[in-house]
Amino acid sequence: MIQRLLKQAFAGLVVLSFLLAGGPALAAPYAAMVMDARTGEVLHSRNADTRLHPASLTKMMTLYVAFEAIRRGEITLDTKVLISRKAAAEQPSKLGLKAGSRIALRYLIRASAVKSANDAATAIGEAISGSEAAFARRMNRTAKALGMARTTFKNAHGLTESGHLSTARDMTILGRHMIYDYPQYYNLFSRQTTHAGIKQVSNTNRRLLQAYRGADGIKTGYTRAAGFNLVASAERGNERVIATVFGGRSTASRNARVAELLDMGFKRAPSRVAVRKPRLPAYTGNTVEPKVIKVKPTITAVRKSPRPAIRPEAAPSQEMLLALVKDVEENVSEARTEVAELAEEPAPDVQVTKRAEPAVTPVQRPKGILTAALAPLAPKAAPKPRRVITRASTSGGRHWGISVGKYASRGKAERVLLQVALQEIETLDEALRKVVNRPQGWEANFVGMTRDRADLACARLTARGVECQTRGPAS
């Protein structure tokens, strides 16, 4: 009797120890998919469209949105993120962040990708969208844009929550986009250890990375409701395969099943095939009203012409015309007299054999010319006012620009323009640099841009700490 009671007590202690450790995985449904990452062709699937708990596979979307925000200039890797009480209070696995502390975004990304830290994932969402709820809405918009038709996110970390569900197919699609859309960050998932700002952390997927040849990611996940989940990718030669498992019973059995699926994928995938990378999804950033920057115009339209008025075309007076006519008649009479005298008296040393012909008498000016000159001039019609026509600009026209500050000298403004152009060459490669002398100093501008490109360049420069204002066609 005593022995039976002791056995029951021992069994109860074993169960209690499991519960305190998080408990074993529940009998979660099993789902799997294998895909040729190069083409997106499905090589194997089982229950691939069943909606299940994704657990920390959720963090793949959290990181995907973070990479998108960095690319769009909404935030940078060096941005210091303020840790909220909510983020610091998340359940393990966690990095151990303290409420009120600040840490660079790059360390939060490392902790989420490698250690699968829940507090780091929540902090990322709050830094990008202001709150975890708003970030979850952005995650859902991005999932829809990626074609993840049966996925709904409620948080940034993946802890079990009602309605927070995905499928093996959707997570495989997300894994493929992670590989091809942001290859510059994909190496994070293959790091077996990394420094996360406050301490060194180890990869939750290090056993598969060490055991399977060619494995280089991607993400593990575990909760009691979800079981042991994993999206893994491996590359051998020209071939790359992605395998996804939902509902594993343990880490070891899950890894063994994933290894079998990867082997199956390499056997079924063709050795040579053209890579068809997935398209980047439509941008679905934070849905907030854009900040309107009112710029006081420094150049105004000319209100009064500086040119002098046209000189009046008045007719000559009657006395002036009479004097002119009289003077002409006197000159003609004198000319006739001189010609006659020369004809009568030849030069002393010259034998005159023939009388010189008289000069040709000019035709007399018409008599009516005086009357016409004295007639009053008809009033001149007033000039029609000029019409200034401006062409309405559109967001597609290159009539926009940005200003990056005013400086004491032209040389300083030109140096700043060159430095900014080198920093943000992706959006300013086609813009023209222009320095304008303003009353407040020499203004450094980039011009010849579309409105969308100007807004994007300004957002990215502002995220880098560079002063920036957009300038429209009327500015």
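The values are calculated or read from the model by the stated rules, or taken from the named source; none is laboratory data. None of these values were measured; they are calculated from a predicted model. All Cβ positions, glycine included, derive from the backbone under ideal geometry; neighbour counts span all protein chains shown.
Suppose the filter is in a loop (DSSP other than H, G, I, E, B), modelled with pLDDT of 95 or more, farther than 13 Å from GLY175 by Cβ and in contact with a helix residue (DSSP H, G or I) (Cβ under 9 Å, 6 or more places away or on another chain); does ALA259 pass it? Can you show your working first?
Details: in a loop (DSSP other than H, G, I, E, B): no; modelled with pLDDT of 95 or more: yes; farther than 13 Å from GLY175 by Cβ: yes; in contact with a helix residue (DSSP H, G or I) (Cβ under 9 Å, 6 or more places away or on another chain): yes.
When the stated conditions are applied, ALA259 does not pass them.
Name the residue, out of ARG150, ARG206, that is of a type in the set (Lys, Arg), within 28 Å of ARG46 (Cα to Cα) and free of Cβ contacts under 8 Å to residues at least 24 places away in the same chain.
After ruling out the rest, the residue left standing is ARG206.
Which one of ALA269, ALA274, ALA226 is of a type in the set (Gly, Ala, Ser) and within 19 Å of SER93 (Cβ to Cβ)? One residue alone meets the criteria, ALA226. Residues in the range 113-137 that are touching a helix residue (DSSP H, G or I) at 6+ places or on another chain (Cβ under 7 Å) and part of a loop (DSSP other than H, G, I, E, B): SER116, ALA117. Selection of first residues in the range 398-422 that are in contact (Cβ under 8 Å) with a residue 60 or more places away in the chain and of second residues that are part of a helix (DSSP H, G or I), restricted to Cβ pairs under 6 Å at least 6 apart or on distinct chains, gives the following pairs, ordered by first then second residue: TRP400/ARG451; TRP400/ALA454; ILE402/ALA454; ILE402/ALA457; ILE402/CYS458; VAL404/VAL420. The set of residues from the range 84-112 being assigned to a loop (DSSP other than H, G, I, E, B) and among the hydroxyl-bearing types (Ser, Thr, Tyr) comprises SER84, SER93, SER101.
Here is the figure for the range 58-79: residues that are among the basic types (Lys, Arg), in contact with a helix residue (DSSP H, G or I) (Cβ under 8 Å, 6 or more places away or on another chain) and surrounded by fewer than 22 Cβ atoms within 10 Å (Cβ to Cβ) total 1. Looking at this structure, is PHE189 at pLDDT 95 or above, crowded, with 20+ Cβ neighbours inside 10 Å and touching a Lys or Arg at 6+ places or on another chain (Cβ under 7 Å)? Against the criterion (at pLDDT 95 or above, crowded, with 20+ Cβ neighbours inside 10 Å and touching a Lys or Arg at 6+ places or on another chain (Cβ under 7 Å)), PHE189 qualifies.
Does THR394 qualify as being among the polar types (S, T, N, Q) and modelled with pLDDT of 70 or more? In short, no. Among the conditions (1) touching a residue at least 40 places away in the same chain (Cβ under 8 Å); (2) crowded, with 18+ Cβ neighbours inside 10 Å; (3) within 23 Å of LYS86 (Cβ to Cβ); (4) under 27 Å from the mean Cα position of the chain (by Cα), LEU159 misses just one, which is (4).
Could you tell me whether any residue of the range 401-410 is more than 30 Å from TYR283 (Cα to Cα) and of a type in the set (Ser, Thr, Tyr)? Looking through the range 401-410, at least one residue is more than 30 Å from TYR283 (Cα to Cα) and of a type in the set (Ser, Thr, Tyr). Does any residue in the range 55-71 that is among the acidic types (Asp, Glu) come within less than 8 Å, Cβ to Cβ, of a residue that is modelled with pLDDT under 95 six or more places away or on a different chain, and which pairs are these? Partner pairs satisfying both residue conditions: GLU68/TYR283; GLU68/GLY285.
Taken residue by residue, the range 144-153 has at least one member that is within 29 Å of ALA459 (Cβ to Cβ), within 22 Å of the chain's Cα centre (by Cα) and surrounded by 17 or more Cβ atoms within 10 Å (Cβ to Cβ). Candidates in the range 178-213 are the residues that are over 30 Å from the mean Cα position of the chain (by Cα) and assigned to a helix (DSSP H, G or I); of these, the one that is nearest to LEU230 (Cα to Cα) is LEU208. Within the range 100-119, can one find any residue that is under 24 Å from the mean Cα position of the chain (by Cα) and over 17 Å from HIS157 (Cβ atoms)? Taking every residue of the range 100-119 in turn, at least one turns out to be under 24 Å from the mean Cα position of the chain (by Cα) and over 17 Å from HIS157 (Cβ atoms).
Taking the numbered list (1) farther than 29 Å from GLU68 by Cβ; (2) in a helix (DSSP H, G or I); (3) of a type in the set (Val, Ile, Thr) in turn, VAL420 passes all entries but (1).
Residues that are out of contact with any strand residue (DSSP E or B) (no Cβ under 8 Å at 6 or more places or on another chain), in a loop (DSSP other than H, G, I, E, B) and within 28 Å of ASP452 (Cα to Cα) occur in the range 65-72; there is at least one.
Is it the case that the range 89-97 has a residue that's touching a Ser or Thr at 6+ places or on another chain (Cβ under 7 Å) and surrounded by 14 or more Cβ atoms within 10 Å (Cβ to Cβ)? For the range 89-97, residues touching a Ser or Thr at 6+ places or on another chain (Cβ under 7 Å) and surrounded by 14 or more Cβ atoms within 10 Å (Cβ to Cβ): present.
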